[in-house]
Amino acid sequence: MMLEKAWAKVKGDYTMADGGFVENGLRSLVGCPVYSYTTTDQDADTVHALVMNADSLNYIMGAATAGSTDTATNECGIAMSHAYSLIAAFELKTSSTVDHKMYMIRNPWGVSYYTGSWNEADSAWTSDYISQVPHSINPTTSMTSDGIFFVDAANFLVCFSSF
């Protein structure tokens, strides 16, 4: 959120910063190389390992959807032609077995209408899984209150066009 506000200040206001690419703002604000990948023809496990590594190094990450307007939604129920914060990549486990590879995403608009698996109403969110979510975020309430939602590794490749 802070980087988005800083980028809007650099551009003059939020209207001038609208419609850009995640990597352009990051590159300008932090002055470091920025890597961008498309989700086309990617393997879910390989992408998750890459993002988990970047997350462990505290990289600033984002994800984006394709489209011509952010007033339309994609098959996942999220805005098209829009940038999102990729907050974390993590795993949900039972004992030492990895059950699900997950991403924590935030819509900078502060609300999300994600409709895929692992949405806030999904019965898959057991108390054990909820306790494993990073940053003490409650996935059953965060979508409408903070714009934070959770996507599994396979749906990440479907819902987003780049990261």
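The values are calculated or read from the model by the stated rules, or taken from the named source; none is laboratory data. Just so it is clear, the structure is predicted and the values come from calculations on it, not from any experiment. Virtual Cβ from ideal backbone geometry, glycine too; neighbours counted across all protein chains shown.
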(message) As an exercise: evaluate GLN132 against (1) buried (at least 18 other Cβ atoms within 10 Å of the Cβ); (2) modelled with pLDDT of 95 or more; (3) farther than 22 Å from VAL34 by Cβ and give the number of the one condition it does not meet.
(response) (1)
(request) Could you tell me whether region 93-110 includes any residue that is touching a His at 6+ places or on another chain (Cβ under 7 Å) and among the small types (Gly, Ala, Ser)? (result) no
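Conditions (1) of a type in the set (Gly, Ala, Ser); (2) assigned to a helix (DSSP H, G or I), marked per residue:
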| site | (1), (2) |
| --- | --- |
| ALA6 | yes, yes |
| LEU26 | no, yes |
| LEU29 | no, yes |
| TYR35 | no, no |
| ALA66 | yes, no |
| LYS93 | no, no |
(message) Against the condition of a type in the set (Asp, Glu), farther than 24 Å from ASP122 by Cβ and at pLDDT 90 or above, how does ASP99 come out, does it pass?
(response) no
(request) Check region 82-98 and report whether any residue there is more than 19 Å from MET2 (Cα to Cα), in contact (Cβ under 8 Å) with a residue 60 or more places away in the chain and of a type outside the set (A, V, I, L, M). (result) no
